[in-house]
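This report concerns only the one structure given below.
The values are calculated or read from the model by the stated rules, or taken from the named source; none is laboratory data. This is a predicted model, so every value here is computed, not measured. Don't worry about glycine lacking a Cβ; one is built from the backbone with ideal geometry, like all the others, and counts go over all protein chains shown. Ligands, DNA and RNA are stripped out before the accessible areas are found, and what is left, the full protein with its side chains, is counted by its heavy atoms. Shrake-Rupley method; radii C 1.70, N 1.55, O 1.52, S 1.80 Å.
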Amino acid sequence: MNTNIVFLLATLFSIYSGIQFGYFDSHTPPPQFLISSLLVIIGIPLIFFRKIIFKNKTNYKLHLIIISVNLIIVLLCFSPLLN
């Protein structure tokens with residue numbers, strides 16, 4: 001459960017910074033891209049350790065939803081249609 005709280009807070013900060021600063025910068029990656037990328041990179045291996053980390057299915061489903069939101073943010077930053 002602590003893992004989901006940390007992931008949720010970082011995701012909310014990523015969404016907030018995306019709204020405040022925009023999803024595109026000139027030549028540097030935006031902060032929400034960096035945060036979401038790190039959460040996806042860290043979150044995917046945690047899925048493989050689900051028996052140890054996530055004791056019930058609700059926490060596991062919440063983790064999958066948070067990882068999916070972060071993946072959408074990363075893909076949004078890469079989207080050529082919005083650049």
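Quick look at the numbers
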| item | result |
| --- | --- |
| Selection within segment 1-15 - open to solvent by 100 Å² or more (accessible area, probe 1.4 Å) and at pLDDT 85 or above | Leu9, Phe13 |
| Identity of the residue in segment 28-48, among the hydrophobic types (A, V, I, L, M, F, W, C) and farther than 15 Å from Asn2 by Cα, that ends up surrounded by the fewest Cβ atoms within 10 Å (Cβ to Cβ) | Phe48 |
| For Val69: the one exception among (1) farther than 16 Å from Ile15 by Cβ; (2) of a type outside the set (S, T, N, Q); (3) open to solvent by less than 60 Å² (accessible area, probe 1.4 Å) | (1) |
| For Ile52: the one exception among (1) under 14 Å from the mean Cα position of the chain (by Cα); (2) surrounded by fewer than 11 Cβ atoms within 10 Å (Cβ to Cβ); (3) among the hydrophobic types (A, V, I, L, M, F, W, C) | (1) |
| Pair list, Cβ under 6 Å, 6 or more apart: segment 28-40 residue part of a helix (DSSP H, G or I), other residue open to solvent by 40 Å² or more (accessible area, probe 1.4 Å) | Val40/Leu71 |
| Selection from segment 16-52 of residues that are within 17 Å of Phe78 (Cα to Cα) and at pLDDT 85 or above | Leu34, Ile35, Ser36, Ser37, Leu38, Leu39, Val40, Ile41 |
